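The values are calculated or read from the model by the stated rules, or taken from the named source; none is laboratory data. Since the structure is predicted, the reported quantities are computational estimates derived from the model, not experimental observations. Only protein heavy atoms, including side chains, enter the accessible area calculation; ligands, DNA and RNA are left aside. Shrake-Rupley method; radii C 1.70, N 1.55, O 1.52, S 1.80 Å.
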Amino acid sequence: MDLKPHRFSTPKTHIISMKLLPVLLVLLLLLASCGTSRIIATHPDADIYINNIKKGKGEVEIKRMGPPQKSKIYAQHNGSKSNERQIKREFDLGTLVLGLYTYGIGFAVGWRYPKEVFLQSSPNEIRQIDAQDGIANEVSPWLRPPRVWGAQ
């Protein structure tokens, strides 16, 4: 049996790979959060519009990372249009780190939308009274306030 060292495993390649490992780890962590932003309407059948283009019903995903950009979003259900909101990609810590590691390219294309945006489906949405705590809550469970333990 011949026990020769692998031809690519020289001490020099180990040093280079050890220096490159932290850089790759930071980039991987930053890019893991760049996937998509979710836009969620309070009613699952509400149509969601982004820049006046219908993107789907109830919940849609859009590309989160890119250059600085503003988008107008709203939901429409049974002919009733919700209040229009404007979301924008913002500069954050991830943009800064990405820009430093990519020699400035990340400063131009590393801006991000919020991870989640909630839209009220219609301005006159029906409210339900929660019998347990007597608080008026939106139809969607996403908008309910958290319950406090031990509260009467």
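What a 1.4 Å probe finds exposed on segment 72-121 is 56% carbon and sulfur by accessible area, rounded to a whole percent. Normalised by the number of residues in segment 69-109, the mean separation of alpha-carbon contacts (under 8 Å, six or more apart) gives a relative contact order of 28 percent.
In this view, the solvent-accessible surface of V109, computed with a 1.4 Å probe and all protein chains in place, comes to about 70 Å². Residue-wise HN-Hα couplings along segment 61-70, as the Karplus relation 6.51 cos²θ - 1.76 cosθ + 1.60 with θ = phi - 60° gives them from phi, are 10, 10, 4, 7, 9, x, x, x, 7, 10 Hz; Gly and Pro carry x. Computed from backbone phi, the HN-Hα couplings of segment 79-96 come to x, 9, 8, 6, 5, 6, 10, 10, 10, 9, 6, 10, 7, 9, 4, x, 5, 4 Hz, rounded to whole numbers (Karplus: 6.51 cos²θ - 1.76 cosθ + 1.60, θ = phi - 60°; Gly and Pro given as x). Taking 0.36 nm per residue of sequence separation and removing the Cα-Cα distance, the K115/L20 pair yields an extension gain of 31.3 nm.
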